[in-house]
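The values are calculated or read from the model by the stated rules, or taken from the named source; none is laboratory data. Quick caveat, the model's predicted, so the values are computed rather than measured. Every residue, glycine as well, gets a Cβ built from its backbone with ideal geometry; the counts of neighbours run over all protein chains shown.
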Amino acid sequence: MEAKNLIIFMSDGHDPRYLGSAGHPLMHTPALDRLANRGTRFSNAYTPCPICVPARASFATGRHVHQIGCWDNAHAYDGDMPGWAGQVQSAGYPIEAIGKMHFRRVEDPLGFDRQHEPMHIADGVGMVWGALRDPFPTLNPPFRLIKTVGAGVSNYNLYDRRIANHAAEWLKARAKAGRGPWVLYVGFVAPHPPFVVPREYLDRYPLDRVPLPKAHGMPAESLHPWLRAQRAFIAQDRFFRDDEERRLAFASYMALLSFVDAQIGFVLDALEELGLDAETRVLYTSDHGDSPGARGLWGKFNFFEESAKVPMIMAGPGIEPGKVSETPVGLIDVYPTVLDGLGIAPPEGDGALDGKSLFEIAGAAAEPERIVLSQYHAFASPAGGYMLRKGRYKFNYYVGYGPELYDLENDPEEISDLAADPLHAGRLVEMEAHLREWLDPEAVDRRAKADQARLIERHGGPKKALGVGAPGTTPVPGYGHE
């Protein structure tokens, strides 16, 4: 296809069902809704891993977590395996990045001509203690993911506003230079915790209109054992004083999505005012979703739709407006999409990549049986977990545990696990066979834990490692966490 400019926006932790254009009754997301109206929204997009650093490594390389060995928030992308940014750079197109990237460090060969105000893993080390999984550690008290909720201004808010301003300035300079095509990556932190947000956005979600999180009172015994271990490790729900504070946390999450929508809208307005929109394609996505309290679970880390789904919206020249594609897609599809959008032939050896250009998918008939894979080997997981989405069914496989099976057509909220139903025994066999065509789950689990054990030893063993690296969130460069 004809090469055009490309802007890629990435937020952190956006469950895509929280969009006005996706039909959410409370959400105020005018910029992203406008983008969806003039382009194509993919309603079944998934992350390759429901935690930041591995997901972003897969996003960068077009490869699955088990192919690149970026298992957790301390095993970050370092440019050793060329990604789409490096391919764009090698083809001679200008390519720069502004904001949160969450790779290893700025000095690595990441493929960008320049990185502006980049946020990478803390000190190039990341969350080392989160790699402690074998044996599974016991924290006393449990990990507290969210310490502050409600109206205010956090360093993350200030950073995101700087990123939006910087992106608009970059576009102004690029318009003046008049050279293209080019690629710009813009990364925001919101809606990542802390759930602190300027009051003007929180006021859009009065607590008397905000419901309690879905199945928030579900007893731990009702959860799958793999999830039960996770909920015990990240016992966020017990830290809230009452249901009123839970509502406030939920409202703050939605308000942060309105906040990041406003930042994206600011950049898109600049794009239009500068007359660049006719020659620029825009892609919006997130690294993973987020579970604000559903089933008593807060954060990402699992395969429920709240955590595993991501937004994927694409607009601009050559993209059908007002379309919703139901074909399952994922972040690994971004690599071939970027190359396709610039007319760059994939390098030799990339024919084995599982991703497919979103331009091609958007222009074709729906392919509901396309399989997408997600996996998790990180923080708060006692064993490797794997998810397959195929058609109406989602299959979750946990090493050493029983599986889960959900019918997303009849049970979109994933309340009824069908794995024990004899009527679905054949479906379980079929889905596990599909998984083993992609990988050996037990072997990958062993490899992940072996790599993590070596990392822990390099940092002085388990006791010392518990105090190494970011405590949970990555600080804003030059500032702090909050």
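Structure summary
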quantity	calculated
Test: ARG174 is under 21 Å from SER252 (Cα atoms) and either of a type in the set (D, E, K, R) or touching a residue at least 40 places away in the same chain (Cβ under 8 Å) (or both)	no
Test: HIS102 is on the phi < 0 side of the Ramachandran plot and in a loop (DSSP other than H, G, I, E, B)	no
Count of the range 126-146 residues which are assigned to a loop (DSSP other than H, G, I, E, B) and under 20 Å from the mean Cα position of the chain (by Cα)	4
In the range 106-124, residue surrounded by the fewest Cβ atoms within 10 Å (Cβ to Cβ) [restricted to those that are over 20 Å from the mean Cα position of the chain (by Cα) and hydrophobic (A, V, I, L, M, F, W, C)]	VAL106
The range 402-434, residues that are hydrophobic (A, V, I, L, M, F, W, C), in contact (Cβ under 8 Å) with a residue 60 or more places away in the chain and surrounded by 15 or more Cβ atoms within 10 Å (Cβ to Cβ)	LEU408
Residue identified as touching a Pro at 6+ places or on another chain (Cβ under 7 Å) and either at pLDDT 95 or above or basic (Lys, Arg) (or both) among TYR393, TYR401	TYR401
Considering residues of the range 77-105 that are in contact with a Gly (Cβ under 6 Å, 6 or more places away or on another chain) and of a type in the set (A, V, I, L, M) only, the residue surrounded by the fewest Cβ atoms within 10 Å (Cβ to Cβ)	MET101
Inter-residue pairs, beta-carbon under 8 Å, first under 12 Å from VAL149 (Cα atoms) and in the range 237-248, second in a helix (DSSP H, G or I), 6+ apart	PHE240/ARG246; PHE240/ALA249; ARG246/ASP237
In the range 175-210, residue farthest from the chain's Cα centre (by Cα) [restricted to those that are basic (Lys, Arg) and at pLDDT 95 or above]	ARG209
From the options ARG63, ARG56, residue that is outside any loop (DSSP other than H, G, I, E, B) and either within 21 Å of the chain's Cα centre (by Cα) or among the β-branched types (Val, Ile, Thr) (or both)	ARG56
Filtered residues of the range 356-382 (kept if modelled with pLDDT of 95 or more and within 15 Å of VAL65 (Cα to Cα))	VAL372, LEU373, SER374, GLN375, TYR376, HIS377, ALA378
Cross-chain or 6+ apart pairs with Cβ under 7 Å, the range 135-156 first and closer than 30 Å to GLY478 by Cβ, then surrounded by fewer than 13 Cβ atoms within 10 Å (Cβ to Cβ) and of a type outside the set (S, T, N, Q)	ALA151/ARG199; ASN155/TYR479; ASN155/GLY480
Test: TYR406 is over 22 Å from the mean Cα position of the chain (by Cα) and among the aromatic types (Phe, Trp, Tyr)	no
Of all residues in the range 142-162 being modelled with pLDDT under 95, of a type outside the set (Lys, Arg) and within 21 Å of ASP243 (Cβ to Cβ), the one that is surrounded by the fewest Cβ atoms within 10 Å (Cβ to Cβ)	THR148
Residue count for the range 7-27, restricted to those that are crowded, with 18+ Cβ neighbours inside 10 Å and farther than 21 Å from LEU271 by Cβ	7
In the range 317-361, residue surrounded by the most Cβ atoms within 10 Å (Cβ to Cβ) [restricted to those that are of a type in the set (S, T, N, Q) and touching a strand residue (DSSP E or B) at 6+ places or on another chain (Cβ under 9 Å)]	THR337
Residue match in the range 147-163 (condition: of a type in the set (Phe, Trp, Tyr) and assigned to a loop (DSSP other than H, G, I, E, B))	no
Number of positions in the range 381-393 that are assigned to a loop (DSSP other than H, G, I, E, B) and either under 18 Å from SER291 (Cβ atoms) or polar (S, T, N, Q) (or both)	1
Strands (runs of 3 or more DSSP E) fully within the range 218-329 counting 3 or more residues that are within 26 Å of LEU405 (Cα to Cα)	none
Whichever residue in the range 66-89 is hydrophobic (A, V, I, L, M, F, W, C) and part of a loop (DSSP other than H, G, I, E, B) and, among such residues, is modelled with the lowest pLDDT	MET81
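Yes or no, residue by residue, for (1) hydrophobic (A, V, I, L, M, F, W, C); (2) surrounded by fewer than 18 Cβ atoms within 10 Å (Cβ to Cβ); (3) closer than 30 Å to ALA419 by Cβ:
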{"position": "LEU212", "(1), (2), (3)": "yes, yes, yes"}
{"position": "ALA220", "(1), (2), (3)": "yes, yes, yes"}
{"position": "TRP226", "(1), (2), (3)": "yes, no, yes"}
{"position": "ARG241", "(1), (2), (3)": "no, yes, no"}
{"position": "ARG247", "(1), (2), (3)": "no, no, no"}
{"position": "SER252", "(1), (2), (3)": "no, no, no"}
{"position": "TRP298", "(1), (2), (3)": "yes, no, yes"}
